[in-house]
Amino acid sequence: MIDLKSKAREVKERGYCLIESAYDEKECDQIRAIFKRLCDKRGGFSEEQPTIGFHPLLELGPEMAPFYVKPILVEAMEEVLQDDVRLAHTGAAAFNNAPIQPILTTWHVHYAWEIPTGGLQRENPERILCGTYIDGSDSEIGPLIVLPRQLNDSLEAMGDGDAAWEGEEEVVMSPGDSVIFDTALWHCSRRGTSRGPRHIWGGHYQGWSNPTPHPEDNSADNPVINEYRDKLPLLRAMLDGPN
């Protein structure tokens, strides 16, 4: 059994935590099949289109809705936020390692709010990301790189956007693992050595008691999602609020 309090403490003390084997092999295959259909609708990968993004994911691929209600992930995020979880943004990206550049994404954060005089003074992260790596993350498939941080450390950049930073760590994940991290965590990603596709999907989450808007908020409102709302009470709670 996963110690969720320990995982929440990792987010406070290191900026992120891993939830291993959040999705099993069958679920990963189902998700890959969904992304294959979504990518085919965009014309597939090419030299001109090595990366295909999907934002908002639940608008473009509403069949992903059941995968957002994984109880272990929702429970872990509740522990991190100390609140009921609101799904505020859905998104995904698929990459073809062969033609993409070595630097997939440069160093960045998703923190978008005003920082008080004297720096961050938080008790818990006010917004987090949960991303699932259905193909894993390592030097072969492509690494996620993070700069560990304590909850209220400075948000100052530690170097150039495409350079290695002192103290950076590679987050190694197996297929189906998920990572939960503070929006204030500096992170980047690089191309892997394999020539296969790489799929990353997930969302941004806030507590329902925190109404502060964020520039990356997006919606999930279409007939298919409304059907899922009726079938999946946990999804309805994350989109519309707890009862």
Estimated distance in nm for a label pair at SER194 and ARG122, the labels positioned 7 Å out from Cα along Cα-to-Cβ: 3.2 nm
Looking at this model, which pairs from LYS5/LYS231; LYS41/LYS231; LYS7/LYS41; LYS5/LYS26; LYS5/LYS36 are more than 32 angstrom apart at the alpha-carbon? LYS7/LYS41; LYS5/LYS36
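Starting from the Cα gyration tensor of segment 192-243, take the square roots of the eigenvalues, sort them a ≥ b ≥ c, and report rounded, prolate or oblate (rounded when a/c is under 1.5, otherwise prolate if a/b is larger than b/c, else oblate).
Working: a/c = 2.66, a/b = 1.57, b/c = 1.69.
Note, shape of segment 192-243 comes out oblate.
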Computed over the chain, the relative contact order (Cα-Cα under 8 Å, seq sep at least six) in percent reads 33 percent
Within segment 198-229: backbone nitrogen closer than 18 Å to the ASN243 label point (7 Å, Cα to C-beta): 227-229
Name the long-range amide H neighbours of ALA88: under 5 Å, sequence gap of 5 or more, or other chain; modelled H, no Pro or chain starts. HIS204, TYR205, GLN206
Given a Förster distance of 45 Å, report the FRET efficiency between GLN82 and GLU59 from their Cβ-Cβ distance, rounded to the nearest 0.05. 0.95
For the chain, set up a GNM with springs between Cα atoms under 10 Å and report which of ARG42, ARG191, ARG127 has the largest fluctuation. ARG42
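Rounded, prolate or oblate: which fits segment 1-63 when a ≥ b ≥ c are the square roots of the eigenvalues of the alpha-carbon gyration tensor, with rounded for a/c under 1.5 and prolate only if a/b beats b/c?
Details: a/c = 2.84, a/b = 2.05, b/c = 1.38.
Prolate is the answer for segment 1-63, as a/c is 1.5 or above and a/b outweighs b/c.
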Whole-Hz couplings from phi, Karplus 6.51/-1.76/1.60, listed for segment 147-153; x for Gly and Pro: 10, x, 8, 7, 3, 10, 4
Using 1/(1 + (r/R0)^6) with R0 = 30 angstrom and r between the beta carbons of ALA157 and ARG37, what's the FRET efficiency to the nearest 0.05? 0.20
Relative contact order %, segment 72-167, counting alpha carbon pairs below 8 Å whose residues are six or more apart: 32 percent
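So between TRP113 and GLU25, what do we pick up on full extension, going 0.36 nm a residue minus the alpha carbon distance? Each step should come with its number before you reach the end.
Details: separation 88, 0.36 × 88 = 31.68 nm, distance 3.77 nm.
Between TRP113 and GLU25, full extension yields an extra 27.9 nm.
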Putting +1 on Lys and Arg Cβ atoms and -1 on Asp and Glu Cβ atoms, find which of LEU144, LEU239, PRO213 reaches farthest to the positive end of the dipole of segment 101-243. LEU239
Just in segment 36-122: which GluC sites (Glu not before Pro) are loop by DSSP and have at most 12 other Cβ atoms within 10 Å? GLU47, GLU48, GLU114
Looks like the chain, by Cα gyration tensor root eigenvalues a ≥ b ≥ c and the a/c under 1.5 rounded cutoff (else prolate when a/b is bigger than b/c, oblate otherwise), is oblate
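Every number here is computed from the coordinates shown, using simple stated rules; none is lab data. These numbers were taken from a predicted model, which means no experiment stands behind them. Every residue, glycine among them, receives a Cβ derived from its backbone with ideal geometry; neighbour counts consider all protein chains shown.
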